[in-house]
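Chemist: Just dropping this structure here.
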């Protein structure tokens, strides 16, 4: 079994004229913001730190846009009956579309990162940047991918879960939500704290946690697609 590369061109076109348009707008707006953002305060390099936060959240929102409706969009209008009436593997078909989304997110995030580099000097781009972005996409994009196999509100549900984790992490840092419920939720929700693009790549148990979490989401999505009735017809 292999990826259905003969569909890649059509997928890229649909990505460009669909989520690609709001992704491009977001990229331009984020680049403009990071080129002009100024923070009032005594902290050294506060402007650069604020721009890096913008970069992190731009990458997350780009991922939500790139993967939102990945599967549910086809189901909403019945396209899966046409797509999989031919000998195509649904898991591999949507995995290829998911990977194309990663390329689109990388391009958008790289534009914003380069804007920051031009303003403050140095460079954020390189293998480490790609690795951190791939880890972010694996977790956040994997979450949306899995949710997209079961609900049309995939990106919204993912955004709510991410917001809960951020709020919970902030509360725990302030000494709240330290009980067993808060601890369990902190462990179950997506590890957003490990997914920044500007810091070092997590190591040790933190890297294993992020990789394991993302891989579980991605494999779960592929498993649902493998066993969920989609349409009549053979599969590769």
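Chemist: Checking the conditions here, which among 106, 99, 70, 92 is under 30 Å from residue 128 (Cβ atoms), at pLDDT 95 or above and crowded, with 16+ Cβ neighbours inside 10 Å?
Modeler: On the way: 99 fails: crowded, with 16+ Cβ neighbours inside 10 Å; 70 fails: at pLDDT 95 or above; 92 fails: at pLDDT 95 or above.
Checking each option against the conditions leaves just 106.
Chemist: Here's a follow-up. If residue 25 meets every condition in (1) in contact with a helix residue (DSSP H, G or I) (Cβ under 6 Å, 6 or more places away or on another chain); (2) at pLDDT 90 or above apart from one, which number is that one?
Modeler: Of (1) in contact with a helix residue (DSSP H, G or I) (Cβ under 6 Å, 6 or more places away or on another chain); (2) at pLDDT 90 or above, only one is false for residue 25: (1).
Chemist: Kindly list the number of the only condition in (1) touching a residue at least 24 places away in the same chain (Cβ under 8 Å); (2) closer than 16 Å to residue 67 by Cβ that fails for residue 202.
Modeler: (2)
Chemist: May I ask you to verify whether residue 8 is within 27 Å of residue 151 (Cβ to Cβ) and either within 24 Å of the chain's Cα centre (by Cα) or at pLDDT 90 or above (or both)?
Modeler: yes
Chemist: Okay, moving on. Report the residue count in the stretch 17-59 for those that are in contact (Cβ under 8 Å) with a residue 12 or more places away in the chain, farther than 21 Å from residue 121 by Cα and part of a helix (DSSP H, G or I).
Modeler: 5
Chemist: Taking the condition of being more than 24 Å from residue 20 (Cα to Cα) and part of a loop (DSSP other than H, G, I, E, B), how many residues in the stretch 102-128 meet it?
Modeler: Adding up the residues that qualify gives 3.
Chemist: Confirm whether residue 14 is assigned to a helix (DSSP H, G or I) and either buried (at least 16 other Cβ atoms within 10 Å of the Cβ) or modelled with pLDDT of 95 or more (or both).
Modeler: no
Chemist: Can you list the helices (runs of 4 or more DSSP H) lying wholly within the stretch 150-236 that have 1 or more residues being modelled with pLDDT under 85 and buried (at least 17 other Cβ atoms within 10 Å of the Cβ)?
Modeler: Correct list: 154-173, 180-188.
The values are calculated or read from the model by the stated rules, or taken from the named source; none is laboratory data. All values derive from a computational prediction rather than experimental measurement. Cβ coordinates were reconstructed from backbone atoms using ideal geometry, including for glycine residues, and neighbour counts include every protein chain displayed.
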